[in-house]
Each structure stands twice: as C-alpha cells, then as structure tokens.
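> Let me begin by handing over the structure; questions about it come next.
The values are calculated or read from the model by the stated rules, or taken from the named source; none is laboratory data. All values derive from a computational prediction rather than experimental measurement. Positions of Cβ are backbone-derived with ideal geometry, glycine not excepted, and every protein chain shown enters the neighbour counts. Quick note on the areas: whole protein, heavy atoms, side chains included, nothing else; ligands and nucleic acids left out. Shrake-Rupley method; radii C 1.70, N 1.55, O 1.52, S 1.80 Å.
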Amino acid sequence: MSVERTLKKLASGVILDLDGTLLNTDGVVSEILKIFLVKYGKQWDGREAPKIVGKTPTEAAAAVVEDYGLPLSTDEFLTQFFPMLSDQWRNIKALPGANRLINHLRGHGVPMALASNSSRSNIEAKILHHPGWKESFSAIVGGDEVKAGKPSPEIFLEAAKRLTMDPSSFLVIEDSIPGVTAAKAAGMAVVAVPSLAKQSHLYTSADEVINSLLDLQLEKWGLPAFQDRIEGTLPLEPWCIGGPVIKGFGRGSKVLGIPTANLSPEGYSAILSEHPAGVYFGWAGLSGRGVYKMVTSIGWNPYFNNTEKTIEPWLLHDFNEDFYGEELHLVFVGYIRPEANFPSLETLIGKIHEDRKIAERALELPQYLKYKDDPYLKISLHQEN
C-alpha cells in the first residue's frame, strides 16, 4: 500500500509529553506511593492510577488524599511526597522506543517540543539524566508556565507559539486521556500510547492508538519513517530475565499445540512493567541442556484475557519431556509486533507460527546470532544448587 493512501495528516513538527510517554514515571511513582502510604496504614494497589495519570501534581495529590482518606491537606501531601519522588528522578528509565524516537526526529531536523503538566523545573530535573534530550527540544513548556494544564489546550498552543508554527502542523504523542483531550482541543493530530494496561478503548478521540513507541509509524503523518527494522524485526538493547520453569495455564500445549515454558511473573513484575506487551524473540539457556532460539509473548493475551501480565516463552526446539523446575534464562534481542486480539483460535495459532518463522530466520542474522554466546545463557547444573 502506498504511503499516500495510508497518510493520515501531514505534520511538520512533533510535540511530546514526558511522564508515561517518554519516561516510565508511573512505575517510580507507584513504588514511592507504596512506601508513603504504609506510614498511614494504607496499601497502594494501583487502583487509583487512572485518577493520577496525566493530571497536574496538585490534582494527582488531591485524588490520592481523598481516595485513601489521608489525614493531610493536598499541600501537606505534596510537601512530604515530592522530596521522596525527586530523590528517585535519576532512576526513572526511558520507556522503550523513547531514545530511538528522539534521536530519529533530531537526526532528520524535525522541530520538537516537550509539553508536560509537571513544573518546568521538575521537567528539567528529570531529563537531565537522559543525555541529548534537553538539546533536542526547541521548546519545553511546563504546567506552571500556563494558566491551566491539560486537558486545557493552552500548554500545546504555547509550545506551537514558541516554535512559531501553526498548531495544526503538529503531531502530538501522549499517554493520558487529559493529554489527548488537550491536544485535540488545540487542533493537533494525536497518537495515543496508553500507559495503563487495558485502557486503549477509552482513547476514542485520538487519531490513532498504539501499543508502544516501538509501534509508531511516523510516515503515516508525513514524517520521516524509521529505517531500522530488519526482516520484520526491530533490534532492541538486549535485556534478560530468568527463573525456574513453572506450570502455566495448560493452554500452550493443550489448546494451542504450542508448548510454552512459563516463568512465574512473581519477582519479575517490575522488569515486565518496563517492556510493552508484545512478541519478542532471542535466546534461551536451559540448565544442563543448551541454548535455543525462542520467541516469547509478554502481556495479558487478549484472546484469553489474562488478569496479570505474563511471560510465555516458546523454545524453538522439540523436547522429549517436560522440564518443570529447571532453570531457564532468556536474553531478548528483538521485537516483532504488538500484542493483538484475534477473531478466532485459528488466526491466533497462525500468527504465532508466523512469529516463529520470523524469529528463526532473524536469529541467523549476525546482529542477533552473536548474543547466543551471552554468558547469562550458560547455566551449568552446579549453578542452580
């Protein structure tokens, strides 16, 4: 299909949100809230997350104080909470695809602005720990530099004004509903990248909703396309995870005819939260047996509607027996596609086998093959005991 037929709207500049779009701020906020609320005999369970994502600091604080019945005013909460949070800003990681996006747009000379409900000083403090970010933006607008934060369009209109460009010439990338609402009210095109799981259906006003920045197709907006995919895969900075193989849902072999070697999400929820739901591939080291090609689904598996984020690796080798309890180490080197729902079991199975073919072929490429020798994969029997 030609680019002309898939073009949604011509954009010449990009405005990015920060928290939840470029930075995994939500993960750090949740960890600090857990610690903070314990002091008041309360337990953070994440249920209030939708009420604080995309809000101004004052609005988010007010929601937590009210919902948890804290014996504090909003200002008192912020006075106690913010120092704990700012101590952790250096630990906030860039979300997958954030550096790729910023470097790509900068390399192509696309004008960029950063527009966040956070205060200007907090924005500066957060991006300080990410080399090259600050100088990539021609304008940075904080929530304290406008009369009203998102969902008011003012913050985006101010960004356009500072770049001396027409608001309609921008593509905005946002993770929150208030942010999407604000950008649309400013007359801008919006791609939503929801930061909360299973919330995509709520982003009805966005021009497009994608699973993660890894799935962004800039050419749809007349912007320079990424050129870094190889043979249907996107190379990633390698990351790893490991543990004993557990019994899964029993559907891998029985329902799908695909024997997955499941790992317990317990203890791995933090690292799994850093990576978007989707299909990944790489190498698997199985104790005392060897190193194998693997393709893995990470996420909620919409077809089966999992209640927690799981990791289901498929080792691309025919084994004669089960290996429950054996130590499995995984090194992920690339990304294939976002998680998706399928109309039938047949189409799901067909797609999984297609993923297998893509992974098997890609892992022969030197770029991916070299990781087969990663020391993390070499598990000897004595290491387990």
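> How big is the accessible area of H353 in square angstrom, nearest 10, if you roll a 1.4 angstrom probe over the protein chains?
Counting only protein heavy atoms, the figure is 80 Å².
> Okay, next question. Express the accessible area of the chain per residue in Å², computed with a 1.4 Å probe while the remaining protein chains stay in the model.
Ligands and nucleic acids excluded, the figure is 46 Å² per residue.
> Dipole of region 232-375, Cα-centred, from +1 at each Lys and Arg C-beta and -1 at each Asp and Glu C-beta, to the nearest 20 debye?
It comes to approximately 280 debye.
> Shifting gears a bit: Taking a cut-off of 17 Å between Cα atoms, list the aspartates and glutamates near K220, but don't count ones fewer than 8 places away on the same chain.
Here the aspartates and glutamates satisfying the reach criterion relative to K220 are E4, E174, D207, E208, D228.
> Please work out the Cα center distance from region 328-350 to region 57-116, rounded to the nearest Å.
The two parts, judged by their Cα centres, are 31 Å apart.
> Report Rg(Cα)/(2.2 N^0.38 Å) for region 232-375, keeping two decimals.
0.97
> Sticking with this one: Antiparallel versus total DSSP beta bridges in the chain: what percent is that, nearest 5?
Taking every DSSP beta bridge with both residues in the chain, the antiparallel ones total about 65 percent.
> Suppose we look only past 19 Å in the calculated P(r) of region 58-172. What percent of the Cα-Cα pairs does that tail hold?
Taking all Cα-Cα pairs of region 58-172, the fraction more than 19 Å apart is 56 percent.
> Could you give the radius of gyration (one decimal) and Dmax (whole number) of the Cα atoms in the chain, in Å?
For the chain, the Cα-based Rg and Dmax read 22.1, 67 Å.
> Under a plain spin-label model, where a point goes 7 Å from the Cα along Cα-to-Cβ, how far apart in nm are T58 and I349?
5.9
> Carbon and sulfur together cover what percent of the accessible area of region 232-375 at a 1.4 Å probe radius?
Exposed carbon and sulfur together represent 52 percent of the surface.
> Here is a follow-up. If you take the charge dipole of the chain about its Cα centre, with +1 on Lys and Arg Cβ and -1 on Asp and Glu Cβ, which of V172, A62, L348 is farthest toward its positive end?
The residue sitting most towards the positive pole is V172.
> Shifting gears a bit: Using only DSSP helix segments of four residues or longer, with each worth -39500 (n - 2.57), what per-residue ellipticity at 222 nm results for the chain after dividing by its residue count and rounding to 500?
Value at 222 nm, helices only, nearest 500: -8500 deg cm²/dmol.
> Something else now. Determine the share of region 24-89's accessible area contributed by carbon and sulfur atoms, expressed in whole percent, with a 1.4 angstrom probe.
Heavy-atom surface of region 24-89 belonging to carbon and sulfur, 1.4 Å probe: 54 percent.
> Note down the magnitude of the dipole of region 51-115 about its Cα centre, charges +1 on Lys and Arg C-beta and -1 on Asp and Glu C-beta and zero elsewhere, to the nearest 20 debye.
580
> With all protein chains present and a 1.4 Å probe, how do M294, M165 order by accessible area, largest first?
Per-residue accessible area, sorted high to low, gives M165, M294.
> Oh, and also: Anything in the chain that counts as a DSSP H helix reaching 18 Å or more along its axis (C-alpha) with Kyte-Doolittle mean of at least 0.0? List them, would you?
In the chain, the long hydrophobic H runs are 25-38.
> What FRET efficiency comes out for the pair D318/N103, r = Cβ-Cβ distance, R0 = 30 Å, nearest 0.05?
Computed FRET efficiency for D318 and N103: 0.15.
> Also, I was wondering about something else. Suppose every Lys and Arg Cβ carries +1 and every Asp and Glu Cβ carries -1, with no other charges. What dipole size does the chain come out with about its Cα centre, to the nearest 20 debye?
480
> Between S273 and Q367, what is the label-point separation in nm under the 7 Å Cα-to-beta-carbon projection?
Label at Q367, label at S273, 3.1 nm between them.
> Can I ask one more? Cβ under 13 Å from A94's Cβ, A94 left aside: what net charge do those residues give with Lys, Arg +1 and Asp, Glu -1?
With Lys, Arg at +1 and Asp, Glu at -1, the neighbours total +1.
> Percent relative contact order of the chain, based on C-alpha pairs within less than 8 angstrom and at least six residues apart?
RCO, the chain: 15 percent.
> Mind running the shape call on region 107-249? Use the C-alpha gyration tensor, a ≥ b ≥ c as the square roots of the eigenvalues: rounded below 1.5 for a/c, prolate if a/b tops b/c, oblate otherwise.
Verdict is prolate for region 107-249.
> Here's another thing I want to ask about it. In µm²/s, what is D for region 141-202 at 10 °C and 1.306 mPa s, where D = kT/(6 pi eta Rh) by Stokes-Einstein and Rh is the Kirkwood radius from Cα pairs?
134
> Can you pull the semi-axes for region 24-89, root of five times each eigenvalue of the Cα gyration tensor, sorted largest first, whole Å?
Semi-axis lengths for region 24-89 are 15, 13, 13 Å.
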